[in-house]
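Novice: Here it is, the structure, as structure tokens.
The values are calculated or read from the model by the stated rules, or taken from the named source; none is laboratory data. The shown structure was predicted, so the numbers you read here are calculated from the model rather than taken from an experiment. Cβ: placed from backbone, ideal geometry, glycine included. Neighbour counts: every protein chain shown. These area figures cover heavy atoms from the full protein model, side chains too; ligands, DNA and RNA do not enter into them. Shrake-Rupley method; radii C 1.70, N 1.55, O 1.52, S 1.80 Å.
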Amino acid sequence: MERLVQGTRVLQVDSAHPEPEIIDQAAALIRSGDVVAFPTETVYGLGASALDGAAVGRIFEAKGRPNDNPLIVHIAERSQLSAVVREVPAVAERLIDLFWPGPLTLVMPKHPDVAEAVTCGLETVGVRMPSHMVARSLIQAAGVPVAAPSANRSGRPSPTAAEHVVEDLAGHIPMVLDGGETGVGVESTVVDLTVTPPMLLRPGGVTLEQLREAVGAVDVAAAINGMEAGAGAIPRSPGMKYKHYAPQAPLILVTGPVHPMQEKIRDLTMEYQEEGKRVGILCGAESRGVYLASVVLEYGARTDLAGVASDLFSTLRAFDRHGVDVILAEGVPVEGMGLAIMNRLRRAAAGRVVEV
Ligand code: TXA
Ligand code: MG
């Protein structure tokens with residue numbers, strides 16, 4: 001099935017067995033120097049040939065992305081790696097064996113053939129091999145490594161369904177491959193392997209615990225725990241300094257033990273309602289019935305953090321449709337996938353965090 005939204009073609013594709021004739025149309029766009037949005041197991045990506053600087057420029061333009069925030073290069077086969085990186089550190093081999101294909105991006109020394117525009121002039125490049133069949137077939141059919149950031153307007157929550165891509169980018173890109181909802185729901189984990197020990201730059205689909213079990217010590221970049229880089233500081237991962245994941249209404253993140261956290265959110269709800277504001281609450285399924293607000297949306301059970309990750313961005317986007325003035329969000333424990341979830345919620349809150 002195909003539909004047209006403001007000139008953007010949205011093509012349905014089977015996520016387990018992608019139809020070659022559909023993949024070929026998307027691959028032809030990439031080969032011709034254009035961009036196409038496609039599903040991965042984490043979020044939808046907006047791809048272009050990583051070897052073509054002008055094509056990569058189209059990605060930045062469509063997203064409104066600051067031009068000092070580098071892109072991740074996606075490959076379909078281990079053999080493509082030597083075209084993207086200059087050398088593969090020993091620690092990379094182990095991580096590749098364990099986690100590729102999958103939601104892990106490895107930062108390594110950049111190969112000169114990768115367009116400058118991909119890495120924004122950095123000497124390093126982030127690479128990953130996605131496990132989603134549509135992504136892999138597309139990269140294979142295109143015959144080139146594919147640079148792809150998340151397929152959202154810069155600053156918005158990452159897209160976990162084709163509809164989110166359409167919301168943000170219809171009219172700005174020629175094609176979206178609609179392979180249904182993505183699974184993991186938060187982006188890949190980004191690890192810098194050019195330093196010893198390796199440094200976690202962005203928590204994601206592969207947990208810090210899994211990384212440490214695989215390779216021993218792993219450092220954690222300061223910005224991940226909510227600290228924004230101070231004035232003049234050089235963020236390790238350029239993406240960490242920008243506004244991100246924001247729904248239209250301001251979001252206030254409340255963290256702490258469950259009962260005081262709920263109590264605080266109830267107090268804040270009343271305060272905002274007294275100001276005449278329409279309050280939205282983002283909470284765990286366990287808090288069902290606890291809040292009296294205009295809009296209460298659940299991100300799933302707090303006991304199932306993988307499930308929370310999977311629904312997080314679509315729930316954030318859903319608040320836009322409800323037209324709330326402020327969103328109060330419950331935090332989750334910072335363990336396993338909780339680290340990635342809290343990182344996204346903190347960034348969506350842009351500093352508005354209440355710890356009880
Ligand atoms: O799951 C994902 O990673 C998705 C899908 C589409 O693969 N992609 C994604 O890309 O999330 P993007 O552009 O939204 O986020 C890439 C992150 C940014 O924080 C960027 O700063 C960081 O990776 N990054 C990319 N290359 C880097 C490098 N050479 N050094 C440090 N950080 C890098
Ligand atoms: Mg992104």
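Novice: Output the residue which, of all residues in the stretch 103-136 that are surrounded by fewer than 19 Cβ atoms within 10 Å (Cβ to Cβ) and not hydrophobic (A, V, I, L, M, F, W, C), is modelled with the lowest pLDDT.
Specialist: Gly121
Novice: So Gly33 fits all but one of (1) assigned to a loop (DSSP other than H, G, I, E, B); (2) under 30 Å from Ile341 (Cβ atoms); (3) not β-branched (Val, Ile, Thr); what number is the exception?
Specialist: Among (1) assigned to a loop (DSSP other than H, G, I, E, B); (2) under 30 Å from Ile341 (Cβ atoms); (3) not β-branched (Val, Ile, Thr), Gly33 violates only (2).
Novice: If we keep just the residues of the stretch 147-181 that are among the polar types (S, T, N, Q) and either more than 25 Å from Glu19 (Cβ to Cβ) or in the same structural domain as Ala318 (by TED's automatic domain parsing) (or both), which is surrounded by the fewest Cβ atoms within 10 Å (Cβ to Cβ)? Full working, then the answer.
Specialist: Step one: list which residues in the stretch 147-181 are among the polar types (S, T, N, Q), which gives 150, 152, 154, 158, 160.
Next, from what is left, pick out any that are either more than 25 Å from Glu19 (Cβ to Cβ) or in the same structural domain as Ala318 (by TED's automatic domain parsing) (or both): 152, 154, 158.
Details: Asn152: 27, Ser154: 18, Ser158: 27.
Filtering first and then ranking leaves Ser154.
Table: residues versus (1) more than 16 Å from ligand 2 (Cβ to nearest atom); (2) modelled with pLDDT under 95; (3) under 18 Å from Gly47 (Cα atoms).
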residue	(1), (2), (3)
Asn67	no, yes, yes
Arg78	yes, no, no
Leu81	yes, no, yes
Val91	yes, no, no
Ile96	yes, no, no
Pro101	yes, no, yes
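Novice: So if I check each of Ala306, Ala301, which one is at pLDDT 95 or above, under 21 Å from Gly185 (Cα atoms) and not in a loop (DSSP other than H, G, I, E, B)? If you could, list the steps in order and put the result at the bottom.
Specialist: Values: Ala301 fails: not in a loop (DSSP other than H, G, I, E, B).
Just a single option satisfies the conditions, and that option is Ala306.
Novice: Tell me the residue from Arg352, Arg278, Arg317 that is under 19 Å from the mean Cα position of the chain (by Cα) and closer than 15 Å to Leu251 by Cβ, please.
Specialist: Numbers: Arg352 fails: under 19 Å from the mean Cα position of the chain (by Cα); Arg278 fails: under 19 Å from the mean Cα position of the chain (by Cα).
Being under 19 Å from the mean Cα position of the chain (by Cα) and closer than 15 Å to Leu251 by Cβ holds for just one of Arg352, Arg278, Arg317, which is Arg317.
Novice: Open to solvent by 60 Å² or more (accessible area, probe 1.4 Å), within 10 Å of ligand 1 (Cβ to nearest atom), under 23 Å from the mean Cα position of the chain (by Cα) and not polar (S, T, N, Q), is that true of Leu98?
Specialist: Numbers: open to solvent by 60 Å² or more (accessible area, probe 1.4 Å): yes; within 10 Å of ligand 1 (Cβ to nearest atom): no; under 23 Å from the mean Cα position of the chain (by Cα): yes; not polar (S, T, N, Q): yes.
So Leu98 fails the test.
Novice: Right, next: I'm checking my understanding of the structure. Among residues of the stretch 320-349 that are part of a loop (DSSP other than H, G, I, E, B) and out of contact with any strand residue (DSSP E or B) (no Cβ under 8 Å at 6 or more places or on another chain), which one is farthest from Pro257 (Cα to Cα)? Even if it seems obvious, please write down each step before you answer.
Specialist: Pass one, the stretch 320-349, residues part of a loop (DSSP other than H, G, I, E, B): 323-325, 331-337.
Narrowing further to those that are out of contact with any strand residue (DSSP E or B) (no Cβ under 8 Å at 6 or more places or on another chain): 323, 332-337.
Working: Gly323: 29, Val332: 9, Pro333: 9, Val334: 12, Glu335: 14, Gly336: 17, Met337: 18 Å.
Filtering first and then ranking leaves Gly323.
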